[in-house]
Amino acid sequence: MDSSANSLINPDARMGLAGAQPGAGVPGAGQAGGADLGGLGGNLGGNFGQRLSGLAQMRGNPRAPLIFAVALLIAVVAGLFLWSRAPDYKVLYSNLSDRDGGAIITALQAANIPYKFSDSGGAILVPSEQVHEMRLRLASQGLPKSGSVGFELMDNQKFGISQFAEQINYQRALEGELERTIESISSVKSARVHLAIPKPSVFVRDKEAPSASVLVNLYPGRALDEGQVLAITHMVSSAVPDMPVKGVTILDQDGNLLTQPSGGSGLDASQLKYRQQIERNTQQRIDSILSPLFGAGNAHSQVSADIDFSRTEQTSENYGPNGNPQQAAIRSQQSSSATEMSQGGASGVPGALSNQPPQPASAPINAPNGASGVTTTPVSDRKDSTTNYELDKTVRHLEQPMGGIKRLSVAVVVNYLRVVDAKGHVTMQPVTADKLAQVNQLVKDAMGFDASRGDSVNVVNSSFSTEVDPNADLPWWRTPDMIALAKQIATYLGIAAVALFLYFVMVKPAVRRAFPPPEPVAVAALNSPDEPILLDGIPAAERAGGVSSVAELEGDAEMMALENAKHKYERNLEFARSIARQDPKIVATVVKNWVTDER
């Protein structure tokens, strides 16, 4: 204990403590003072000194950082292991109604399945390995119930169901299938379909066509184009028998009508697209034939097309007179002849006078062969002849498709020609009349000009308005771009100059005052006169300019030596005081040893 205490205090500190303690030169007083000091230090600073010594030992222990690093590593590994063992949650159902969501939560709690909600609260999440199993289990319970029902509704038909209920179930199943088909489109979030199917009637005049209303709920930021709306319309009309395309109405979730109203006189999207395509193709042909003549951008054209979208069907029969009856073809010919003969017997209206009994037959002996007793004489002879000739007949059936061009109007404007003379001056000159006539003919050929339908072409030669650059004749160093660049560079240089000024005038002196340079080391070579004396790192002779004497240098060296000794004494004294404050027992032991040695 005594040797360790003596080793902790160097001789200089020992000297400082001896000078500081009262009665150090008197043996009795020194022993009594040491005993009192040791007892006071043991009573007052015992506990505090033990704590400080324990903290100092912990700080000085080289194993403490290693123990802390190992503990931190174990905590990180344990946290990563627990995080890896946590289940991965995936979406079970999303966009559920409150009723279906509550029923599904009840079913999950009954099955003891962990669940949680998404950040937005619109989806129910369960562990990924149980998603498919829970979907099947919930489907067996009929959850969720708010989904659309298709033709599976017809699977569980009850025996003895009425025709009306069967028709309603069929309509519901058809609506559900249409909803599923429409929801398969990427832009549609959900859909509702309402069908109005009238009862069939045996009377044609009372027959009504079915209709449909479709409400689509689109995803945020998405929209249906004209082609998609037309496709949904045709799909619904084709799924229901006898439903016309005009009977389908489509709305979005904001109540906007997406289909064209029935009976509208305007053109639909396909017709407008066809018209624009014809105008664009005609304009491209005209521009492509004028660009090599005048250069790109020196000739512009605009085309307006009048399209006939009406569909016409015409059937006609024309009969023309025969030109030459002898050369006409005979369709049919009929002739007949009739001859009436008179008799000598009774004749007239049958009656009592004319109904006489027949006379006995008599044959004259001298009568000629083949002649009877009754004489006949011809009364009238008639002949008829009928001839039918073929007529000139023309039957014509004309069906004109829609989309024919009724009229084309083309307007062309041509810029003045750019002419450069021998001196390099550029002038703009108008186009000659002959060249304009050629341009007019080229445009007619490119557009397919037809005077019978009223096409028109107008070619105008005019100077295009171009902005003249006022800085074209200025030297490069006077252009606005160069002036702006010079201003920008001057701004940066000014900022740099201000920054340097602040650094050298304010920042650097403040840094020097806050962190002064170390005091110069002066080495006095008293025992070795050959070595030079340094002041501020510079030989004293050089610093004095060679004028200082040896006596002055020796005086300066002695003064610096005294100052160094004074500083060293103060450091030792402060060190001894700090030890006395930390552990008074050691100080008491040291003083006791000093008193014992003096005896």
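Out of contact with any strand residue (DSSP E or B) (no Cβ under 6 Å at 6 or more places or on another chain), open to solvent by 90 Å² or more (accessible area, probe 1.4 Å) and at pLDDT below 75: does that describe PRO321? In short, yes.
Being modelled with pLDDT under 90, in contact with a Leu (Cβ under 9 Å, 6 or more places away or on another chain) and surrounded by 11 or more Cβ atoms within 10 Å (Cβ to Cβ): is that true of GLY150 here? Show your work before the answer.
Values: modelled with pLDDT under 90: yes; in contact with a Leu (Cβ under 9 Å, 6 or more places away or on another chain): yes; surrounded by 11 or more Cβ atoms within 10 Å (Cβ to Cβ): yes.
In short, yes.
Annotation: of all residues in segment 109-129 being modelled with pLDDT of 85 or more and open to solvent by 50 Å² or more (accessible area, probe 1.4 Å), the one that is farthest from VAL214 (Cα to Cα) is ASN112. If you go through segment 423-441 one residue at a time, how many are outside any helix (DSSP H, G or I) and open to solvent by less than 100 Å² (accessible area, probe 1.4 Å)? Qualifying residue count, segment 423-441: 8. Of everything listed in (1) open to solvent by 90 Å² or more (accessible area, probe 1.4 Å); (2) of a type outside the set (Lys, Arg); (3) under 46 Å from the mean Cα position of the chain (by Cα); (4) modelled with pLDDT of 70 or more, the single unmet condition for ALA490 is (1).
Return a yes/no flag: does segment 248-259 have any residue that is within 29 Å of ILE405 (Cβ to Cβ) and open to solvent by 50 Å² or more (accessible area, probe 1.4 Å). Give the derivation first.
From segment 248-259, those within 29 Å of ILE405 (Cβ to Cβ) are 259; that's our starting set.
If we keep only those that are open to solvent by 50 Å² or more (accessible area, probe 1.4 Å) too, we end up with none.
No: zero hits.
Per the conditions (1) at pLDDT 85 or above; (2) touching a strand residue (DSSP E or B) at 6+ places or on another chain (Cβ under 8 Å); (3) over 30 Å from LEU272 (Cα atoms), the sole criterion not satisfied by ALA433 is (2).
Filtering GLU133, GLU166, GLU177, GLU129 for residues that are out of contact with any Phe, Trp or Tyr (no Cβ under 9 Å at 6 or more places or on another chain) and under 19 Å from VAL240 (Cβ atoms) leaves a single hit, GLU166. When GLU558, GLU563, GLU570 are screened for being at pLDDT below 75 and open to solvent by 90 Å² or more (accessible area, probe 1.4 Å), only GLU558 passes. When GLY227 is tested against (1) surrounded by fewer than 17 Cβ atoms within 10 Å (Cβ to Cβ); (2) in a loop (DSSP other than H, G, I, E, B), just one condition goes unmet, and that condition is (2).
I need every pair where a residue in segment 237-260 that is touching a residue at least 60 places away in the same chain (Cβ under 8 Å) has its Cβ under 6 Å from the Cβ of a residue that is open to solvent by 40 Å² or more (accessible area, probe 1.4 Å), sequence separation at least 6 or different chains. Pairs that qualify, where the first residue is touching a residue at least 60 places away in the same chain (Cβ under 8 Å) and the partner is open to solvent by 40 Å² or more (accessible area, probe 1.4 Å): there are none. Number of residues in segment 163-211 that are open to solvent by 90 Å² or more (accessible area, probe 1.4 Å) and in contact with a Pro (Cβ under 9 Å, 6 or more places away or on another chain): the value is 2. For segment 470-485, the condition of being at pLDDT below 85, surrounded by 10 or more Cβ atoms within 10 Å (Cβ to Cβ), among the polar types (S, T, N, Q) and out of contact with any strand residue (DSSP E or B) (no Cβ under 8 Å at 6 or more places or on another chain) holds for at least one residue.
The values are calculated or read from the model by the stated rules, or taken from the named source; none is laboratory data. Since this is a predicted model, take the numbers as computed values, not measurements. All Cβ positions, glycine included, derive from the backbone under ideal geometry; neighbour counts span all protein chains shown. Heavy atoms of the whole protein, side chains included, go into the accessibility calculation; ligands, DNA and RNA do not. Shrake-Rupley method; radii C 1.70, N 1.55, O 1.52, S 1.80 Å.
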